[in-house]
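The values are calculated or read from the model by the stated rules, or taken from the named source; none is laboratory data. A quick note: this is a predicted structure, and the numbers were derived from the prediction, not measured. Ideal geometry is used to build each Cβ from the backbone, glycine not excepted, and the neighbour counts take in all protein chains shown. Note: accessible area is taken over every heavy atom of the protein model, side chains too, but ligands, DNA and RNA are not part of it. Shrake-Rupley method; radii C 1.70, N 1.55, O 1.52, S 1.80 Å.
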Amino acid sequence: MTRGKLYVLSGPSGVGKSTAVHEVMRRHPSLRFSVSVTTREMRPGEVEGESYYFITRRQFQEMLERNELLEHAEYVGNCYGTPEGPINRMLEDGVDVLLDIEPCGALQVQQRRPDATLIFMAAPSFSEIERRLRGRGDTAQDKIEARLERARWEYQQAQKYDYIVVNDDVGHAAAEIEAIMLAEKCRAHIRLDYLKEER
Ligand code: ADP
Ligand code: 5GP
């Protein structure tokens, strides 16, 4: 069986990653989202085990010590990480997996899984990121400032990604992500493996 493929999506807070991910998953129900662990507080509307697994710093440290995380990073005062076990099981079952993680983690994944595809999401303008982040209305003022500062650094990391999508419109951004996924399936080394199996 062909192994599943790993896709990593990054982009500044408020750019619209979650919104676009929901739309891509709606169009491709077989795609799975990797649920991260985080030490940050749950936001209104978030669901334990769907948005994140919300854990304490101590639990996070224990996961790190047990080597259970594929990657991890600190982001604006909280820890975030990707549990490795579920991802390995899904990939082995031929299921494609999508990660929504920030650039430090994305680059760790690139090192450890060179076959992963890294996608960076940008907004039509930087001021639009701030407008969307404030418009979402669930982040405190001081946290917004910290996230925007981090966003400037994140934009400088975009050159390290395989693809850049622009979220001017959610349907359009989802279509760009779909196009990337389709193109990756057609890469010669993947198709050649498939042809070998057929022979
Ligand atoms: P992220 O996951 O990157 O932090 P969200 O998906 O939570 O961002 O989106 C932040 C806000 O921007 C939400 O209120 C969402 O509805 C809005 N949004 C997302 N994409 C667009 C878009 N293309 N145009 C306008 N608003 C958008
Ligand atoms: P938020 O707090 O808005 O949900 O996420 C903040 C940032 O953390 C976003 O850039 C998001 O992509 C990133 N993030 C979410 N989960 C993970 C993870 O498991 N690892 C890393 N490195 N970043 C993550």
By how many nm would the segment from Leu195 to Arg3 lengthen if fully extended, with 0.36 nm per residue of separation less the alpha-carbon distance?
67.6 nm
Selected from Thr117, Cys104, Thr82, residue furthest toward positive end of dipole (region 78-126; charges at beta carbon):
Cys104
Can you tell which of Glu68, Glu46, Glu154 shows the greatest fluctuation in a Gaussian network model of the chain with Cα springs below 10 Å?
Glu46
Would you mind getting me the FRET efficiency between Arg40 and Leu182? Use the beta-carbon distance for r and R0 = 30 Å, nearest 0.05.
0.35
Take the Cα gyration tensor of the chain, multiply each eigenvalue by 5, square-root it, and list the three semi-axes largest first, rounded to whole angstrom.
28, 21, 15
Distance between modelled label sites at Glu149 and Arg112, nm, 7 Å Cα→Cβ extension:
2.8
Residue-level accessible surface for Phe54, protein heavy atoms, 1.4 Å, Å²
40
Can you give me the solvent accessible area of Ser30 with a 1.4 Å probe, rounded to the nearest 10 Å²?
90
GNM top mover of Arg136, Arg150, Arg32 - the chain, alpha-carbon springs below 10 Å
Arg136
Mind checking the dipole of the chain: about its Cα centre, +1 per Lys or Arg Cβ, -1 per Asp or Glu Cβ, Debye to the nearest 20?
160
Under the 0.36 nm per residue contour assumption, what length would be gained going from the current alpha-carbon distance of Arg58 and Val166 to full extension?
35.1 nm
Going Cα to Cα from Lys143, which lysines come in below 23 Å? Please leave out same-chain ones fewer than 8 positions away.
Lys17
